[in-house]
1. Keeping to segment 422-444, report how many residues are in contact with a helix residue (DSSP H, G or I) (Cβ under 9 Å, 6 or more places away or on another chain) and open to solvent by 20 Å² or more (accessible area, probe 1.4 Å).
2. Would you point out which residue out of SER526, SER522, SER551 is without any contact (Cβ under 8 Å) to a residue 60 or more places away in the chain, farther than 30 Å from GLU450 by Cβ and crowded, with 21+ Cβ neighbours inside 10 Å?
3. Restrict the check to segment 362-372 and report whether at least one residue is outside any loop (DSSP other than H, G, I, E, B) and over 17 Å from the mean Cα position of the chain (by Cα).
4. Which members of segment 584-603 meet the condition of being more than 19 Å from SER615 (Cβ to Cβ) and crowded, with 19+ Cβ neighbours inside 10 Å?
5. Considering only residues that are β-branched (Val, Ile, Thr) and open to solvent by 60 Å² or more (accessible area, probe 1.4 Å), which ones fall in segment 454-485?
6. Name the residue that is nearest to ALA494 (Cα to Cα), counting only residues in segment 506-519 that are open to solvent by 20 Å² or more (accessible area, probe 1.4 Å) and in contact (Cβ under 8 Å) with a residue 24 or more places away in the chain.
7. Output the number of the condition that GLN569 fails; it satisfies all remaining conditions of (1) in a loop (DSSP other than H, G, I, E, B); (2) touching a helix residue (DSSP H, G or I) at 6+ places or on another chain (Cβ under 6 Å); (3) surrounded by 19 or more Cβ atoms within 10 Å (Cβ to Cβ).
8. Which condition from (1) open to solvent by 10 Å² or more (accessible area, probe 1.4 Å); (2) under 31 Å from the mean Cα position of the chain (by Cα); (3) closer than 24 Å to SER363 by Cα is the one that ALA451 breaks?
Amino acid sequence: MLMRKVPGFVPASPWGLRLPQKFLFLLFLSGLVTLCFGALFLLPHSSRLKRLFLAPRTQQPGLEVVAEIAGHAPAREQEPPPNPAPAAPAPGEDDPSSWASPRRRKGGLRRTRPTGPREEATAARGNSIPASRPGDEGVPFRFDFNAFRSRLRHPVLGTRADESQEPQSQVRAQREKIKEMMQFAWQSYKRYAMGKNELRPLTKDGYEGNMFGANPSGEDRVAGKADPCVMPLVMKAGENQRRQGDRGLSGATVIDSLDTLYLMELKEEFQEAKAWVGESFHLNVSGEASLFEVNIRYIGGLLSAFYLTGEEVFRIKAIRLGEKLLPAFNTPTGIPKGVVSFKSGNWGWATAGSSSILAEFGSLHLEFLHLTELSGNQVFAEKVRNIRKVLRKIEKPFGLYPNFLSPVSGNWVQHHVSVGGLGDSFYEYLIKSWLMSGKTDMEAKNMYYEALEAIETYLLNVSPGGLTYIAEWRGGILDHKMGHLACFSGGMIALGAEDAKEEKRAHYRELAAQITKTCHESYARSDTKLGPEAFWFNSGREAVATQLSESYYILRPEVVESYMYLWRQTHNPIYREWGWEVVLALEKYCRTEAGFSGIQDVYSSTPNHDNKQQSFFLAETLKYLYLLFSEDDLLSLEDWVFNTEAHPLPVNHSDSSGRAWGRH
C-alpha cells in the first residue's frame, strides 16, 4: 500500500508514532511489565492475582475451617483448628491450656490477622460470616480471649483451697460422689454409644434419631411430647427424613457434656470429648433439625466450651452451625420456624400456616448474641432483636404470652399460656438477657417483670394444703397442674428478685422458695422420691400425677436447678438436703449396669426403665447438683448465666459491644 505524500512528512511507526515517541512508549511499557511481575512476588498470599499464576502452597492447619465458613469446599473433611492460647489463669485456678490442649506450649500464642475495615463493614451488612478465601492465613474475626478472661470477677473454677491435705468433709464427699456419677455416665456413653446422640443403657447401644430434637418416636424432649397439636408435625418430619435418607447432627451427648467435664476437672474425659468435636463432628448434614434443640444443646455447648478454654475449634463450629440456622428466620414476620432443613436451607417440612412455639423462638437470644460477639457479624443479634420487636408490638391477652404464634401473620394462634412446656424458657431468657447484658438491656428487664406480674395475677394459686403453684391458662380457664418443666421457675424468680422494685424483692424471694417447696413435694410424695412429669391440684390430691401417662421421670433437671439457685441466694441447708435426696434416688432407681436411665412410673418401688440416658442429664442435672455442693465462686453468677441447657455463657463486663448486648 502506497503512503500518501505530504510536504514535511516524517515516516512514522506502524502505530503512527515518530521514532522518539516509539522509544519512549516501549520504555514505559517495559517498566510497567517489570513493575507488575515484581509486585506479584511481593503481594501477600491472600492475593487473588498471585493464586492465578503461582502453584498453591500447602494449606496451613485450620484453613479448611475458614474456607468452610466462607462457603468454599475444604481440601479435607477434617479441620484441625487454629488454637490461640487462653489468658493467664486467675489465682487459684488451673491454666485451661494445661489440660484443654496438652500439646500446646504453655504461654504460646498463635495470633490471627485482624480483619480490615472493609471486611468488617461487609460483615455488618451480610448474612454470612466475613471470611478469607482458601489459602488465607488466620481466621476471619479475632476474639480477644485474654481480654475476656481478664474481665471476669472470679476464677472460672473458683478459689477453693487444695483439699487433698484437708480432712474429707461431708460436702466434699457429696461433690465427689456426683463427679463419680458423671464419670460413670460418660464412660458408659463412650463405651457403647460414642458419637451417637444418646446412650441406651439397657440395650448397650446408641440412639441417633432421624432428626435430633424432633424425633418421630417422641423420645426426644420436644414440644410435641407436651402438646398433641404439635406431635403430628414432629411425626411428619421424621417420616420425610426416613424417606429421603437424610442424616442429622450427631454427638449431642458429647457436646452437651463438654462444660460439665471441664467444670468437674475430668481432664482425660474432656480431652476425649474435645478430640471427637475436632475430628468427628461434621456439619455437612442434610436432615431436618429443631432450631431450638440445636441452639440450646449444640450451639450453647460449643459456645460455653470456647469461653471456658479458648479452643478455636469450639468457636468456629458454633459460628458455622449458627449460620445453618439463619434460613429458619426467612418468614414474613422474622419469627423463625421451629424446624430448619440443612439440605435445602428452608423451612423443611413446616407448612406456611403452622405455628411457632414461644419457648422455642423465645430461647435464642442468649446464644445468638454470643454468636455476634464471637463472629463480628451483627446478623445473629439482629434476628433475635426482631423477635423482641414483634412480641413488643403484638397485643397480649391480660399481659400474658400465649404459646403459639403464626410466623406468617404475627398473630397468636390460640390462647394457651404455660410457664411449663411450650412457654418456659422464654421467660427465663428475658431475665437472663438482662443479667447477661451487664444489666443494660432494659427492654428485657421490663418485659420480664411485666410478664411475671401477669403470671402472678392470673396463674398463681395456693392449694388447700398450702402449696403454691403456677397453673396453666386456656382462654381464661385454668388447668390446676404444674409440669416438671415449670419447676425451673423457682430458680428463675429467685434469680430476678434482686433487680425487682425494692418493695417486691422480699416477696419474690419468698415466692421462689414456696414454688420450689411445691416441686420438692412432688418428689417427696412419690415412692421413688423422684418427681413425675406433671402433677395436679384437684379432687383432694395435691402435687401428684393423676394418670400413668404423666408418672414418668426422664432424668430432668428443673427441680435441682431451683435448689441450686435458692442455695446460692439463701445458703439454707434444706436445699442441699433435698439435692442429696435426689442423688440417692438417682443411684437407687436410675443407675443401671451401663449408664443412667429414666423410669416409667415414679410411684412404683420397682419401676421399669425407659432405656434412655438423656444428654441433658449430663449437661444439666449432674451439673446443677455439682454446683449445689460447691462454693459460690465456681462459675459465679456475677460472671455467668446458664442457658436453658445449663451451658454457662459469660456476662458482658465490657462497654465495647453495646449494639449486640441490648444498648440500641
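The values are calculated or read from the model by the stated rules, or taken from the named source; none is laboratory data. Here the structure is a predicted model, which is why all the values come from computation and not from measurement. With ideal geometry, Cβ positions are generated from the backbone for all residues, glycine too; neighbour counts draw on all protein chains shown. Accessible surface areas use protein heavy atoms only, side chains included; no ligands, DNA or RNA. Shrake-Rupley method; radii C 1.70, N 1.55, O 1.52, S 1.80 Å.
1. Going through segment 422-444 one residue at a time, the tally reaches 6.
2. Answer to the check: SER551.
3. no
4. Of everything in segment 584-603, those that are more than 19 Å from SER615 (Cβ to Cβ) and crowded, with 19+ Cβ neighbours inside 10 Å turn out to be ALA585, TYR589, VAL602.
5. If the condition is that a residue be β-branched (Val, Ile, Thr) and open to solvent by 60 Å² or more (accessible area, probe 1.4 Å), then THR457, VAL462, ILE477 are the ones that fit.
6. Ranking the candidates gives ARG509 first.
7. GLN569 satisfies all of (1) in a loop (DSSP other than H, G, I, E, B); (2) touching a helix residue (DSSP H, G or I) at 6+ places or on another chain (Cβ under 6 Å); (3) surrounded by 19 or more Cβ atoms within 10 Å (Cβ to Cβ) except (1).
8. (1)
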